[in-house]
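Below you'll find the structure, written out as structure tokens, and then a few comments.
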Amino acid sequence: MNRKTTDTTTGGRTPGTRKKLIVVAVLIAAIIVLFLIGKREDVGIFNYLDLQYLKAQQDTIETYRDTRPLLTAGVYFAIYLVVTAFSLPGAAVMTLAGGAIFGLLWGTVVVSFASTIGATLAFLLSRYLLRDIVQLRFGDKLKAVNAGIEKDGAFYLFTLRLVPIFPFFVINLVMGLTPLATRTFYWVSQVGMLAGTIVYVNAGTQLARIESLDGILSPGLIASFTLLGVFPLIARKVVDGVKARRVYARWQKPQRFDRNVVVIGGGSAGLVAAYISAAVKASVTLIERHKMGGDCLNTGCVPSKALIRSAKFLSHIKRSAEFGIREANALFDFADVMQRVRKVIADVEPHDSVERYTGLGVECIRGEAKIVSPWEVEITTEHDTRRLASRSIIIAAGARPFVPPIPGLEQAGYVTSDTVWDLRELPRRLVVLGGGPIGSELSQCFARLGSKVTQVEMLPRILIREDPEVSDLVMRSLRKDGVDVLVSHKAKRVVIENNEKSLLCDGPEGEARVGFDVILVAVGRVANTEGYGLEELGIGTTQSRTVQTNEFLQTIYPNVYACGDVAGPYQFTHTASHQAWYASVNALFGRLKRFRADYSVIPWATFTEPEVARVGLNESEAHERNIAYEVTVYGIDDLDRAIADSEAHGMVKVLTVPGKDMILGATIVGEHAGDLIAEYVMAMRHGLGLNKILATIHIYPTLAEANKYAAGVWKREHAPQRVLQWLKRYHAWMRG
Ligand SMILES: Cc1cc2nc3c(=O)[nH]c(=O)nc-3n(C[C@H](O)[C@H](O)[C@H](O)COP(=O)(O)OP(=O)(O)OC[C@H]3O[C@@H](n4cnc5c(N)ncnc54)[C@H](O)[C@@H]3O)c2cc1C
């Protein structure tokens, strides 16, 4: 694979989008023309929508209405619809006319329906023609607006409808760009506009006395409407406040607090939350029941990366000929490899130790924590049980491996990512259940160490969150290492026959039987939400069984927070510590200012060989979410340093906004992808585009150059062809 060209897929300027833009341009032009013609005194249609004209014609209109009432109503209704649907000026005069023609009751009925239906048509027109374009272009920036509208759209619209300073047609058009449901728009508009409609229709019944439109709404009336408009929002806030207080109603609040924060769990999330609290001089206690450092240090990132390093070394020995070494052999004992893993954990341990954190000002307690009230945590240690009263509590209790209820599994025995590190003998035959990052990393390791590994995944491919070709690259590499990867295989049962353990799966070709000595279950991780007080406090869980929090990481008790694996939605060390910042800062300073957890740029990596690293969108997600993108692929097989290292494989795949260098996401597959992605993370975080990456000097020869070359591929595809043609002519002319 060489440098690939840019491939525009759902492209921002799709034919559909282009058509819509043309329709919008035509509509705007038509409205301008109509407006200009309308302003002309001889033929001006807006003359008919003028207050003085209306007053002059009142007698004629009334006579017409008396002779043909239904037709009058029909024509009036139709004109009103056209004026409002196309956002033409004149809606206010039309409303007055409604009062003049039909009186207060019927005028209100006719105007209310005509204006609401017309407004809804304008709303739909804006939605159909403009929403996709606006959301595609500014989707990321509009995330908060969209979320707000989805949650409280009806309230906002009601306020806008009642407060007369917001023009009617602007509200229709702007609301059309948001995710507000059409039905909600309709009924809120009808109810929200009713008061204003009555005032205008009523004024219309006394048309003769009105001199200008300005006088209809007195300052007092405007103020009353404004109050009426903001009332639901204020009421909503009050209700929220009452609700928040109600959850506390059954608890006795302590007179005073022993701590500002108590943190439950000393893993990545808990450590960072405690660190930040201590750094800003708060009184903080960290409670850990098992080992400081939690999952990442003891059973997760650290041991797995240590094992991957040893396995990679063995794979290099196997590949010695590729490096010009005729023969290289490794003599090793699996127990020594696992001993090294232990040593690596021990070497990293001081970073997360009680001593270090005590030195930083954190009180560390080894014990089991239980939340007994929204402000109190009971701690059971080896020696005693005591209670601490804290203004805030941060739950950082992590997750554990999920073990599916497969018949026979318990009887046969299994290991998980918690216990696999205790193995001291290399399994001759290992089944790895699960094709996610943990299952894939460990399958490759054990195969390289010499186990006969079968990896079983029920979905059609491993690493399902990544794009299909990425999964494919990793799967091929695993197979090259000797892993038998069985995709579309659903584990059904574990049987023991004649002392021989087997896993039975349903596969595409019927039942498959895989014999094993050890089975490693790596099918996902489930948050720790039971047994430490959440049930008693009524703190609920989400569909993915994590602790339910709001965007500020607060549980139903605003002073009780959750972060890390226990809160989700991500299960990484770096997201755990990212959330811990929000949880601790909100817990300590939330009364002054609260921060919404920002998940806009989240990177991650799977440390298989090749490594897979990603930030932002990949193609599958862009398709799913109907987001327009262009894709640029640079093949790392073309990179000088990768060639020199005999690691010339993989790719940098970047998704950008069509026609722009703005990065929507990047996936890197290859050596050190997890390190290389940092440049794209930085670029996305700070809004830098591919042009900026291209304009940055990258050291030669490094793998990092791949990032720049990917930007180069994009640039070539977006070179201004017309300018280049002119340049060609210029150079030809210069040659004479
Ligand atoms: C094999 C493997 C490899 C991984 N590799 C990576 C990787 O390469 N990169 C990456 O970013 N992530 C990786 N992860 C994920 C990462 O380890 C977790 O996302 C991270 O550790 C979560 O941190 P946490 O603080 O939320 O939870 P944890 O680290 O699980 O910490 C929670 C702590 O709370 C304690 N606790 C729970 N309940 C109580 C209680 N009632 N009282 C007192 N203490 C309690 C637990 O003992 C635990 O120590 C990997 C995970 C695994 C399993």
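The values are calculated or read from the model by the stated rules, or taken from the named source; none is laboratory data. Just so you know, these numbers come straight off a predicted model, no measurement behind them. Using ideal geometry, Cβ is built from the backbone for each residue, glycine included, and neighbour counts are taken over all protein chains shown. Note: areas computed on protein heavy atoms with side chains; ligands, DNA, RNA excluded. Shrake-Rupley method; radii C 1.70, N 1.55, O 1.52, S 1.80 Å.
In the condition set (1) among the hydroxyl-bearing types (Ser, Thr, Tyr); (2) within 22 Å of Val483 (Cα to Cα); (3) crowded, with 19+ Cβ neighbours inside 10 Å, Thr419 is compliant with all but (3).
Checking the stated criteria, Ile61 turns out to be part of a helix (DSSP H, G or I) and more than 16 Å from Tyr186 (Cβ to Cβ). Within the stretch 553-575, the residues that satisfy the criterion of being open to solvent by 30 Å² or more (accessible area, probe 1.4 Å) and within 12 Å of the ligand (Cβ to nearest atom) are Pro569, Tyr570, Gln571, Phe572, Thr573, His574. Cβ-Cβ distances below 8 Å connect the following pairs, each with a first residue in the stretch 347-376 that is polar (S, T, N, Q), a second residue that is outside any strand (DSSP E or B) and away from the ligand (no atom under 14 Å from the Cβ), and a separation of six or more residues or different chains: Ser373/Trp251; Ser373/Gln252.
All told, Arg319 meets the bar of being among the basic types (Lys, Arg), open to solvent by 20 Å² or more (accessible area, probe 1.4 Å) and more than 8 Å from the ligand (Cβ to nearest atom). The one condition from (1) open to solvent by less than 40 Å² (accessible area, probe 1.4 Å); (2) of a type outside the set (Lys, Arg); (3) touching a residue at least 40 places away in the same chain (Cβ under 8 Å) that Phe155 does not meet is (1). Taken as a whole, the structure places Phe607 among residues that are within 20 Å of Asp418 (Cβ to Cβ), touching a residue at least 60 places away in the same chain (Cβ under 8 Å) and within 14 Å of the ligand (Cβ to nearest atom).
Meeting the requirement of 3 or more residues that are within 30 Å of Lys318 (Cα to Cα) and either within 15 Å of the ligand (Cβ to nearest atom) or out of contact with any Ser or Thr (no Cβ under 6 Å at 6 or more places or on another chain) (or both), the strands (runs of 3 or more DSSP E) wholly within the stretch 460-543 are 518-521. The lone criterion from (1) of a type outside the set (Gly, Ala, Ser); (2) free of Cβ contacts under 8 Å to residues at least 40 places away in the same chain; (3) in contact with a helix residue (DSSP H, G or I) (Cβ under 7 Å, 6 or more places away or on another chain) left unmet by Phe123 is number (2). Within the stretch 615-633, the presence of at least one residue that is within 15 Å of the ligand (Cβ to nearest atom) and not acidic (Asp, Glu) is confirmed. Restricted to the stretch 87-98, and to residues there that are within 42 Å of the chain's Cα centre (by Cα) and over 13 Å from Thr116 (Cα atoms), the residue that is most open to solvent (accessible area, probe 1.4 Å) is Pro89. Scanning the stretch 286-298 for residues that are more than 6 Å from the ligand (Cβ to nearest atom) and surrounded by 21 or more Cβ atoms within 10 Å (Cβ to Cβ) returns Leu286, Met292, Gly293, Leu297.
Of all residues in the stretch 380-421 being assigned to a loop (DSSP other than H, G, I, E, B), among the β-branched types (Val, Ile, Thr) and within 16 Å of the ligand (Cβ to nearest atom), which is nearest to Asp517 (Cα to Cα)? Ranking the candidates gives Thr419 first.
The rows are residues; the columns are (1) assigned to a loop (DSSP other than H, G, I, E, B); (2) farther than 30 Å from Val262 by Cα.
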residue: Lys593; (1), (2): yes, no
residue: Arg596; (1), (2): yes, no
residue: Tyr599; (1), (2): yes, no
residue: Ala613; (1), (2): no, yes
residue: His623; (1), (2): no, yes
residue: Asn626; (1), (2): yes, yes
residue: His649; (1), (2): yes, yes
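For the stretch 576-603, taking the residues that are closer than 20 Å to Glu679 by Cβ and touching a residue at least 60 places away in the same chain (Cβ under 8 Å), the one that is farthest from the ligand (Cβ to nearest atom) is identified as Ser600.
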